[in-house]
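Student: Quick one: the structure is below, and I'll ask about it shortly.
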Amino acid sequence: MASHQLFWIASRSFGTIAMILLGVSVAVGLAMSGRMAGRPATRAKLRRFHEAATLVTLGLIAAHAGLLLLDSYLRPGLAGITIPFVLGYRSLFTGIGIIAGWLAVVIGASFYVRKRIGTRTWRKLHRFAIVTYALALLHVLGAGTDASSPWMLATLTGLTAPIVFAGSYRLLGAQAGRAPFPA
Amino acid sequence: MEPKPDARTPQPRRRRPSLYRTVLSVAIAAIVAASIPFAALYGQALQPRPAAAITAVSGSGGTQTRIVTTASGRVVTQTVPATGAGSASAGTATPIVTRTSVATPDN
């Protein structure tokens, strides 16, 4: 029977969707900051979607980790899912995933304390969103059960390509002297 | 001449009704999307696995310990003579515990 794998499979499913939504959110953020969306109305819609996608991603990350607590085989414990490199299972890459998760929390929360920490600090902090994505990607490739599956590799490739494109577009735009919008 | 707005009058808060709607829509989409890999992976886990065997030569007596995953997913161990053609006896070695073997109490 597969009932004992219920939480494990659910965790993997939430993790997969969290990764996809994180990638989409980062890509949209980079597209906004690189002035790829010209019209103000479009920018406002994209900003709203970016914010919503980030909030849902944080929920999915929490579900991804929280469901592991209920897995009778792994039994990671609270420390195993919250403190990097504590969990014995593929320690390095699960640790990287935990760091990515906390980074996502900090970057996501920083939006709501932007006035308190200052726009400049927030903007600097927000640049780590791409680092979060890179760490999450490493986590999936190193610790993901489905990492070698063709569908997962296709998904990761499809997510990473627009991020690299939007990141390059922004960097090249900034070098050409155009002041990019903050993400 | 227009009257100046009173500075003490509280300004209406910026309304963000559509953010709630967007968050909810994205959350619903994410849960529905998560159900797709979940259904596929869970369905895969429900499928009976093909029988597989790992055989290792034991330390003494010229016997081999064979750990067999049966088609039902049950793990049994068998001790057979090293020549491989002898009769099997079950349950003499500790079975290797894997994610797919820990579930049922009869393992």
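The values are calculated or read from the model by the stated rules, or taken from the named source; none is laboratory data. A quick note: this is a predicted structure, and the numbers were derived from the prediction, not measured. Note that each Cβ is placed from the backbone with ideal geometry, even for glycine, and that neighbours are counted across all protein chains shown.
Student: Only one of A:Leu67, A:Leu55 is touching a residue at least 40 places away in the same chain (Cβ under 8 Å) and farther than 27 Å from A:Phe165 by Cα; which?
Tutor: On the way: A:Leu55 fails: farther than 27 Å from A:Phe165 by Cα.
Sole residue among the options that is touching a residue at least 40 places away in the same chain (Cβ under 8 Å) and farther than 27 Å from A:Phe165 by Cα: A:Leu67.
Student: If you take the residues of the range A:75-104 that are touching a residue at least 24 places away in the same chain (Cβ under 8 Å) and loosely packed, with under 14 Cβ neighbours inside 10 Å, which of them is nearest to A:Ala63 (Cα to Cα)?
Tutor: A:Tyr89
Student: Taking the range A:24-37, which residues are part of a helix (DSSP H, G or I), away from every other protein chain (no Cβ under 11 Å) and not hydroxyl-bearing (Ser, Thr, Tyr)? It would help to see each step written out before you state the result.
Tutor: Our first condition is that a residue be part of a helix (DSSP H, G or I); within the range A:24-37, this holds for A:24-33.
Next, from what is left, pick out any that are away from every other protein chain (no Cβ under 11 Å): A:26-33.
The answer is A:Val26, A:Ala27, A:Val28, A:Gly29, A:Leu30, A:Ala31, A:Met32.
Student: Also: What are the residues in the range A:137-162 that are within 21 Å of A:Phe85 (Cα to Cα) and exposed (fewer than 15 other Cβ atoms within 10 Å of the Cβ), if any?
Tutor: The answer is A:Ala147, and nothing else.
Student: Of all the residues that make up the range A:50-74, how many are under 20 Å from the mean Cα position of the chain (by Cα) and either within 12 Å of chain B (Cβ to nearest Cβ) or surrounded by fewer than 21 Cβ atoms within 10 Å (Cβ to Cβ) (or both)?
Tutor: We begin by selecting, within the range A:50-74, every residue under 20 Å from the mean Cα position of the chain (by Cα); these are A:50-68.
Right, trim to either within 12 Å of chain B (Cβ to nearest Cβ) or surrounded by fewer than 21 Cβ atoms within 10 Å (Cβ to Cβ) (or both) and you get A:50-64, A:66-67.
Residues in the range A:50-74 being under 20 Å from the mean Cα position of the chain (by Cα) and either within 12 Å of chain B (Cβ to nearest Cβ) or surrounded by fewer than 21 Cβ atoms within 10 Å (Cβ to Cβ) (or both): 17 in total.
Student: Take the residues of the range A:138-155 that are part of a helix (DSSP H, G or I), without any contact (Cβ under 8 Å) to a residue 60 or more places away in the chain and hydrophobic (A, V, I, L, M, F, W, C): which is farthest from B:Ile36 (Cα to Cα)? Explain how you work it out, then say what you get.
Tutor: Here is the first cut: in the range A:138-155, the residues part of a helix (DSSP H, G or I) are A:138-143, A:150-155.
This time we only want the ones that are without any contact (Cβ under 8 Å) to a residue 60 or more places away in the chain, so: A:138-139, A:141-143, A:150-151, A:153-154.
Restricting the remaining residues to those that are hydrophobic (A, V, I, L, M, F, W, C) gives A:138, A:141, A:143, A:151, A:153-154.
Values: A:Leu138: 23, A:Leu141: 20, A:Ala143: 21, A:Trp151: 12, A:Leu153: 17, A:Ala154: 16 Å.
So, considering only residues that are part of a helix (DSSP H, G or I), without any contact (Cβ under 8 Å) to a residue 60 or more places away in the chain and hydrophobic (A, V, I, L, M, F, W, C), the one farthest from B:Ile36 (Cα to Cα) is A:Leu138.
Student: If only one of A:Arg47, A:Arg43, A:Arg120 is more than 23 Å from A:Val131 (Cβ to Cβ) and either modelled with pLDDT under 95 or within 14 Å of chain B (Cβ to nearest Cβ) (or both), which one is it?
Tutor: On the way: A:Arg47 fails: more than 23 Å from A:Val131 (Cβ to Cβ); A:Arg120 fails: more than 23 Å from A:Val131 (Cβ to Cβ).
Just one listed residue meets the conditions, A:Arg43.
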